[in-house]
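The values are calculated or read from the model by the stated rules, or taken from the named source; none is laboratory data. Small disclaimer: the values here were computed from a predicted structure and weren't measured. Here the Cβ positions follow ideal geometry from the backbone for every residue, glycine too, while neighbour counts run over all protein chains shown.
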Amino acid sequence: MFTAPEAEQLIFTLAMPLQEVETVSIGVACLDRVLATTVTSQLDFPHWDNSAMDGYALKAEDVQQVPTTLKIIEEIPAGKQPKKILETGQSARILTGAMLPTGADTVVMQEDTTRDGDQVTILQSPKPQAFVRHRGSFYQAGGDLLKAGQVISPAEIALLAAAQQTQVSVFRQPKVAILSTGSELVRPEQPLRSGQIVDSNQYALAALVAQTGAVPILLGIVQDDRAIVKQAIADAISQADVVLSTGGVSVGDYDYIDDVLSKLGATMHIRSVAVKPGKPLTVASFEPKTTGNGQRPLYFGLPGNPASAMVGFWRFVAPAIAKISGRPAPWSPTFILAIATTDLRAGGRRETYLWGQLSASETGYSFGRAAGSHSSGNLVNLANVSGLGVVPQGETLIKVGQPVRVLKIR
């Protein structure tokens, strides 16, 4: 068995970033996409000297002694170009964001003034350059505005719009095929007969894949028939960058996945990991000639038990998709050091993940184990969890009040 860090590092050597680039419009279409090229702009930010306050533009040297009364020669709202040059003893009424008139070097906010007609009295002596945002002080034209590999969030969308970049080059989103193996499985809308199990994995993994920014391709339930499994996997690898299957990776009579992968020409890299839940984990890769479409898909065979499948995704699959997507390193899950608020027990033979609530306060983070059974088949107490508390391999107890590493999942 591989340890979790060993498996993670091996997976990172297999996960190759996509090189295909496409162009999308700014807005929702580019949200959470990964920039493929560095973005520059021919605009300075700010575009010109402007006011950070509603107030009066003036020369600082005119108001070193206060109170001082100045003549108001014009009013400058945002979006209008000043028409006059400011001379000694003069000021201009100016609003936030408006261009600073030639001759002015300082803005006094209106709270520090009184006005009478076309005269304004300055009550507080300002520092020179106060409340002036100088042209190019945020960004100078021609420099790197956003770097390749940047994930586009709403803030980046706002910046792209301000820079008048209406089209953006982004990496293609990875396609992730998902299939569930097992003749006992039925879809949620089907009547449930005695002994059958509803396939929840397909839906959970599709949602998890979508959260990573990849595109899920749902291929449905595959019956426990070697030929059917082989055809299903062949179809999956022909259309996806990553294939996820659940079930069929242990040592049961109907666990065909590893054998089928070998017959399809896969290179087997991992068959089990020293984690609980989720010990059975198959990781395999295909050469482009095997798929016939130039792709080199990565295959993850996850356990069929829902908790095991989801833990395996959070720990190993999501980081691989992050790298394949072109996101910058580090790709590993986010681990946070917290204080245990409940005892966390484990068998000690494997690194154990216990789901529960990760909470933040002014004093730091805390983590409490979800109540109820931590069976790998129990979906009920997985709902609303926000972290996985990690009991290291070789340890059996983390007591209340002791530090614990927590894998953040929300």
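Pairs meeting the criteria (first residue in segment 182-204 and touching a residue at least 12 places away in the same chain (Cβ under 8 Å), second residue part of a helix (DSSP H, G or I), beta carbons under 8 Å, at least 6 apart or on different chains) are 188/203; 200/306; 201/306; 201/309; 204/306; 204/309; 204/310. Please work out which residue is surrounded by the most Cβ atoms within 10 Å (Cβ to Cβ), limiting yourself to segment 41-98 and to residues that are of a type in the set (Gly, Ala, Ser) and under 38 Å from the mean Cα position of the chain (by Cα). Only one residue tops the list, namely 51. Could you grab me the full set of residues in segment 73-94 that are touching a Leu at 6+ places or on another chain (Cβ under 9 Å), assigned to a loop (DSSP other than H, G, I, E, B) and aliphatic (A, V, I, L, M)? Hits for segment 73-94 are 78, 86. The residue of segment 11-40 that is farthest from the chain's Cα centre (by Cα), among those that are part of a helix (DSSP H, G or I) and buried (at least 16 other Cβ atoms within 10 Å of the Cβ), is 14. Closer than 21 Å to residue 18 by Cα, outside the structural domain of residue 394 (by TED's automatic domain parsing) and basic (Lys, Arg): is that true of residue 296 in this structure? Answer is yes for this residue.
Number of residues in segment 221-265 that are over 30 Å from residue 170 (Cβ atoms) and in a loop (DSSP other than H, G, I, E, B) equals 15.
Scan segment 302-316 for residues that are touching a helix residue (DSSP H, G or I) at 6+ places or on another chain (Cβ under 7 Å) and assigned to a helix (DSSP H, G or I) and the total you get is 7.
Taken over segment 208-266, the criterion of being out of contact with any Phe, Trp or Tyr (no Cβ under 6 Å at 6 or more places or on another chain), among the β-branched types (Val, Ile, Thr) and farther than 18 Å from residue 306 by Cβ is satisfied by 212, 215, 217, 228, 233, 242, 251, 260.
Quick grid of which residues meet (1) farther than 17 Å from residue 29 by Cβ; (2) charged (D, E, K, R); (3) outside any loop (DSSP other than H, G, I, E, B):
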site	(1), (2), (3)
127	yes, yes, no
136	yes, no, no
165	no, no, no
168	no, no, yes
180	yes, no, yes
219	yes, no, yes
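Among 176, 186, 209, which is the only one that is of a type in the set (Val, Ile, Thr), buried (at least 19 other Cβ atoms within 10 Å of the Cβ), over 30 Å from residue 41 (Cα atoms) and out of contact with any helix residue (DSSP H, G or I) (no Cβ under 6 Å at 6 or more places or on another chain)? Exactly one of 176, 186, 209 is of a type in the set (Val, Ile, Thr), buried (at least 19 other Cβ atoms within 10 Å of the Cβ), over 30 Å from residue 41 (Cα atoms) and out of contact with any helix residue (DSSP H, G or I) (no Cβ under 6 Å at 6 or more places or on another chain), namely 209.
The set of residues in segment 94-116 that are without any contact (Cβ under 8 Å) to a residue 24 or more places away in the chain and either touching a Ser or Thr at 6+ places or on another chain (Cβ under 8 Å) or within 20 Å of residue 82 (Cα to Cα) (or both) comprises 102, 114. Check whether at least one residue in segment 242-252 is modelled with pLDDT under 95, crowded, with 16+ Cβ neighbours inside 10 Å and among the hydrophobic types (A, V, I, L, M, F, W, C), and report yes or no. Yes, some residue in segment 242-252 is modelled with pLDDT under 95, crowded, with 16+ Cβ neighbours inside 10 Å and among the hydrophobic types (A, V, I, L, M, F, W, C).
Among the residues of segment 386-409, those identified as part of a loop (DSSP other than H, G, I, E, B) and touching a residue at least 40 places away in the same chain (Cβ under 8 Å) are 392, 393, 394, 395, 396, 399, 400, 401, 402, 409.
So that you can scan it fast, the table gives a plain yes or no per residue for (1) modelled with pLDDT under 95; (2) outside any helix (DSSP H, G or I); (3) buried (at least 18 other Cβ atoms within 10 Å of the Cβ); (4) not aliphatic (A, V, I, L, M):
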| position | (1), (2), (3), (4) |
| --- | --- |
| 318 | no, no, yes, no |
| 327 | yes, yes, yes, yes |
| 331 | no, yes, yes, yes |
| 336 | no, yes, no, no |
| 368 | no, yes, yes, yes |
| 374 | yes, yes, yes, yes |
| 384 | yes, yes, no, yes |
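Only one of the numbered conditions (1) over 23 Å from residue 7 (Cα atoms); (2) not in a helix (DSSP H, G or I) is not met by residue 203, and that is (2). Restricted to segment 256-277, and to residues there that are more than 28 Å from the chain's Cα centre (by Cα) and of a type in the set (Lys, Arg), the residue that is nearest to residue 14 (Cα to Cα) is 271.
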